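If you scroll down you'll find the structure; I have some questions about it.
Only the coordinates and a few stated rules stand behind these numbers; no lab work does. Predicted model only: the values in this text are computed from it and were never measured. Cβ sites come from the backbone with ideal geometry, for glycine too, and all protein chains shown count toward neighbours.
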Amino acid sequence: MMKILVTGGAGFIGCNFVRRALRVKKDWKIIVADALTYAGNLENLEGLKEKYNDRYDFIKIDIRDKESVDELFKKEKFDGVIHFAAESHVDRSILGPLAFVETNVLGSVNLLEASRKYFKSDKSRFLHISTDEVYGALGDEGFFTEETKIVPSSPYSASKASSDLFVLAYHKTYGLNVVITRCCNNYGPYQFPEKLIPFMIKRALDGEPLPVYGDGRNVRDWIFVDDHNDGTILAFEKGRAGEVYNLGARCEKRNIDLVKLLIEKLKACLKDKKDFKEPEIAFVKDRPGHDFRYAIDPSKAESELGFKPKISFEEGIDLTVKWYIENEGWWRRIISGEYLEYVEKQYGGK
Ligand code: NAD
Ligand code: TYD
């Protein structure tokens, strides 16, 4: 049995990863470590202990707390770490950058230090989950490759870029067996309703206007979360030590087109519901430093790892819209006082 630590496993990508990995990697024991911040939710991992028993455990731990991290690593002697835990929302990083430095930079370095000291063997691997946002913004043309210069725009992407550099430094300096993946925008079940797709679905279902930043012409490159997670497993198992792999599904959309598509999908799903009204789109003040376009060139992951996304955008969006309609209880339960305060701060009365 391989003992794998998954940090941030109670968040959006992490919980989908844990479910998938427990299903397909039968020789893995997964220990999830998560601080359960506003974005982490134990409900996302419900049923796993009953189903997988000895192959799954959860521990509440804050990666900013060096002593607790050291203690955990000393005790468990991991065969690998898959590091998802992070403060992940760009708009929140603009409102308050420090939490991003503490978790994404200091927290990641705490994990690297513990890995260096207490990993089971030289073969134990540290997979760092990063983002294409470290590359900054593209214009109308071109793609991000692994060689693209790192020029992050937001406090979020600056903190992720900084952690990437520490991960690479631990490989060069201490020989730690590291791999980094940089993925494009994910969507799918269990995404916290502050990110574009679930936020717009929630607002539409609540009859609220859909706030599109600027003129809505910014472009994001989208991947269904399970495809990202298949790439994560491949990178963990097949990636070369010290290397970076870009993950993406070659699926660029302008924000305004995506929001219009979501409205159409919701209308189709809710056509029998008389109280559903078509939501209005509200163009609101642009995000400061708003990156114009992201677009991943995933050739290296395709050729070296055999990475190949399976879910088309049409299929993934249908599945996601249906999931949010059918799981209204899930997102209503996480919309707490803190969420309402954040939305008020970010969007005002809009
Ligand atoms: P998320 O915000 O949904 O989840 C983050 C998880 O980390 C939560 O469970 C939270 O409780 C936990 N966490 C936060 N601070 C912590 C701390 N100090 N100690 C321990 N746990 C802590 O984020 P996500 O969208 O699932 O993103 C996961 C990872 O993937 C992040 O590293 C993010 O940068 C990266 N990523 C995300 C996307 C995307 O589109 N969402 C794209 C590329 C890369
Ligand atoms: P987001 O989901 O926050 O992801 P990221 O900023 O990490 O790419 O936003 C995706 C895109 O949608 C981005 O260009 C900003 C835009 N956006 C809006 O127009 N309105 C919103 O309310 C949100 C949350 C995002």
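What single numbered condition from (1) farther than 27 Å from Ile233 by Cβ; (2) in contact (Cβ under 8 Å) with a residue 24 or more places away in the chain; (3) among the basic types (Lys, Arg); (4) exposed (fewer than 13 other Cβ atoms within 10 Å of the Cβ) fails to hold for Lys310?
With respect to (1) farther than 27 Å from Ile233 by Cβ; (2) in contact (Cβ under 8 Å) with a residue 24 or more places away in the chain; (3) among the basic types (Lys, Arg); (4) exposed (fewer than 13 other Cβ atoms within 10 Å of the Cβ), Lys310 is out only on (1).
Would you point out the residue of region 109-158, among those that are surrounded by 17 or more Cβ atoms within 10 Å (Cβ to Cβ), farther than 27 Å from Arg293 by Cβ and polar (S, T, N, Q), that is nearest to ligand 1 (Cβ to nearest atom)?
Checked region 109-158; the qualifying residue nearest to ligand 1 (Cβ to nearest atom) is Asn110.
Say whether the condition of being under 23 Å from Ser88 (Cα atoms) and of a type in the set (Phe, Trp, Tyr) is met by at least one residue in region 145-160. Spell out the reasoning first.
Of the residues in region 145-160, the ones under 23 Å from Ser88 (Cα atoms) are 145-146, 148-160.
Next cut, of a type in the set (Phe, Trp, Tyr) only: 156.
Checking region 145-160: at least one residue is under 23 Å from Ser88 (Cα atoms) and of a type in the set (Phe, Trp, Tyr).
For the structure I just gave you, tell me whether Phe84 is surrounded by 20 or more Cβ atoms within 10 Å (Cβ to Cβ), farther than 28 Å from Arg116 by Cβ and within 16 Å of ligand 2 (Cβ to nearest atom).
Here the answer is no, as Phe84 does not meet what is asked.
Could you count how many residues in region 219-247 are closer than 30 Å to Ile281 by Cα and in a strand (DSSP E or B)?
6
A follow-up question, please. Every residue in region 50-79 that is over 30 Å from Trp323 (Cβ atoms) and in contact (Cβ under 8 Å) with a residue 40 or more places away in the chain, please.
Scanning region 50-79 gives Arg64, Asp65, Lys66, Val69, Asp70, Leu72, Phe73, Lys74, Glu76, Lys77, Phe78, Asp79.
Looking at region 31-49, I want the residues that are in contact (Cβ under 8 Å) with a residue 12 or more places away in the chain and have a partner that is within 11 Å of ligand 1 (Cβ to nearest atom) and basic (Lys, Arg) with Cβ atoms under 7 Å, at least 6 apart or on another chain. Which pairs are those?
Asp34/Lys60; Ala35/Lys60; Leu36/Lys60
Could you identify the single residue in Glu338, Glu344 that is within 21 Å of the chain's Cα centre (by Cα), on the phi < 0 side of the Ramachandran plot and not in a loop (DSSP other than H, G, I, E, B)?
Matching residue, one of Glu338, Glu344: Glu338.
Same structure, new question: Which ones in region 21-39 are part of a loop (DSSP other than H, G, I, E, B) and either away from ligand 1 (no atom under 16 Å from the Cβ) or farther than 30 Å from Gly337 by Cβ (or both)?
Across region 21-39, the qualifying residues are Lys25, Lys26, Asp27.
Also, I was wondering about something else. Is it true that Gly216 is assigned to a helix (DSSP H, G or I) and out of contact with any Ser or Thr (no Cβ under 6 Å at 6 or more places or on another chain)?
In short, no.
Pick from region 191-201 the residues that are within 11 Å of the chain's Cα centre (by Cα) and surrounded by fewer than 24 Cβ atoms within 10 Å (Cβ to Cβ): which of them is nearest to ligand 2 (Cβ to nearest atom)?
Lys195
Name the residues in region 52-84 that are assigned to a strand (DSSP E or B), within 19 Å of the chain's Cα centre (by Cα) and among the aliphatic types (A, V, I, L, M), would you?
Selection gives Val81, Ile82.
So, one more: Looking at (1) closer than 19 Å to Ile334 by Cβ; (2) assigned to a loop (DSSP other than H, G, I, E, B); (3) more than 16 Å from ligand 2 (Cβ to nearest atom), find the lone condition where Cys15 falls short.
(2)
Please pick out the residue among Gly207, Gly175, Gly214, Gly188 that is within 15 Å of ligand 1 (Cβ to nearest atom), small (Gly, Ala, Ser) and out of contact with any Cys (no Cβ under 9 Å at 6 or more places or on another chain). Full working, then the answer.
Working: Gly207 fails: within 15 Å of ligand 1 (Cβ to nearest atom); Gly175 fails: within 15 Å of ligand 1 (Cβ to nearest atom); Gly214 fails: within 15 Å of ligand 1 (Cβ to nearest atom).
Among Gly207, Gly175, Gly214, Gly188, only Gly188 is within 15 Å of ligand 1 (Cβ to nearest atom), small (Gly, Ala, Ser) and out of contact with any Cys (no Cβ under 9 Å at 6 or more places or on another chain).
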